[in-house]
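Asks: First the structure, which I've put down as structure tokens, then a few questions once you've had a look.
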Ligand code: DX5
Ligand code: ZN
């Protein structure tokens, strides 16, 4: 299981230390929020550049923004490996095309109320599908187990169509919910509060792997 800790719940008064604590993970997951697509504002290009500078592991950037097309250039950094946009936001096709042109892997995300059906046209050419297991906007929410149906549907579609995307889930992931994710076919998990509220983030990451 790939693990991408979300720094949304990290202690921003000592961000450098917090980033160092999660370097045994596979990616740093960056939850970028614009206060419009979701009712919260997290951080932007400036903080992302600082994280890009200090992290030794690649960035998995999750744009929870209404106009991702506008922002892609500013998040296309040397350690950016994935940029994920929401199907519910604007200009999905153009945004994914621009991410790809930058040589960065493309991700598409669906909120809890969005059906897998809505992203089927994108699956042939996508590198990652992010199934939200909470309503986007805040860390520390409860895991929505019914979202595992979408994961199973995506596993089936990927097999039928012989596609290559990985399946990531985001929200409410902990040692209590990791097994159902694994059993459903999840490839990568985002975990924020479980990792950063744990006495040892390194142990928390190992427990999810
Ligand atoms: C929601 C955020 C959270 C965060 C993880 O918009 O994307 O899901 O990454 O939060 P936890 O792991 O604390 O539920
Ligand atoms: Zn996220």
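Asks: Does residue 171 satisfy the criteria of being at pLDDT below 95 and either buried (at least 19 other Cβ atoms within 10 Å of the Cβ) or out of contact with any helix residue (DSSP H, G or I) (no Cβ under 8 Å at 6 or more places or on another chain) (or both)?
Replies: When the stated conditions are applied, residue 171 does not pass them.
Asks: Without any contact (Cβ under 8 Å) to a residue 40 or more places away in the chain and in contact with a strand residue (DSSP E or B) (Cβ under 9 Å, 6 or more places away or on another chain): does that describe residue 106?
Replies: yes
Asks: When residues of segment 1-56 are filtered for being within 16 Å of ligand 2 (Cβ to nearest atom) and closer than 22 Å to residue 109 by Cα, how many remain?
Replies: The number of residues fulfilling the criteria is 28.
Asks: Considering only segment 174-200, state which residues are touching a helix residue (DSSP H, G or I) at 6+ places or on another chain (Cβ under 7 Å) and either buried (at least 23 other Cβ atoms within 10 Å of the Cβ) or at positive phi (or both).
Replies: 185, 186, 189, 191, 192, 194, 195, listed by residue number.
Asks: Here's another thing I want to ask about it. Report yes if residue 105 is more than 28 Å from residue 197 (Cβ to Cβ) and touching a helix residue (DSSP H, G or I) at 6+ places or on another chain (Cβ under 7 Å), otherwise no.
Replies: For residue 105, the condition - more than 28 Å from residue 197 (Cβ to Cβ) and touching a helix residue (DSSP H, G or I) at 6+ places or on another chain (Cβ under 7 Å) - is not met.
Asks: Before we move on, is residue 157 over 17 Å from the mean Cα position of the chain (by Cα), more than 15 Å from ligand 2 (Cβ to nearest atom), part of a loop (DSSP other than H, G, I, E, B) and at pLDDT 95 or above?
Replies: So residue 157 does not fit the description; no.
Asks: Okay, next question. Kindly provide the set of residues from segment 16-56 that are surrounded by fewer than 17 Cβ atoms within 10 Å (Cβ to Cβ) and within 16 Å of ligand 1 (Cβ to nearest atom), ordered by number.
Replies: Pass one, segment 16-56, residues surrounded by fewer than 17 Cβ atoms within 10 Å (Cβ to Cβ): 16-17, 20, 23-24, 35-36, 39-41, 44-47, 49-50, 53-54, 56.
If the condition is that a residue be surrounded by fewer than 17 Cβ atoms within 10 Å (Cβ to Cβ) and within 16 Å of ligand 1 (Cβ to nearest atom), then 35, 36, 39, 40, 41, 44, 47 are the ones that fit.
Asks: Then there's this: Filter segment 136-151 down to residues that are more than 7 Å from ligand 1 (Cβ to nearest atom) and either under 13 Å from the mean Cα position of the chain (by Cα) or not in a loop (DSSP other than H, G, I, E, B) (or both), then give me how many there are. Steps first, please.
Replies: Here is the first cut: in segment 136-151, the ones more than 7 Å from ligand 1 (Cβ to nearest atom) are 142-151.
Right, trim to either under 13 Å from the mean Cα position of the chain (by Cα) or not in a loop (DSSP other than H, G, I, E, B) (or both) and you get 145-151.
Residues meeting the conditions: 7.
The values are calculated or read from the model by the stated rules, or taken from the named source; none is laboratory data. Note that the structure is predicted; figures quoted are calculated from it, not measured. Glycine also receives a Cβ, built like all others from the backbone with ideal geometry; neighbour counts cover every protein chain displayed.
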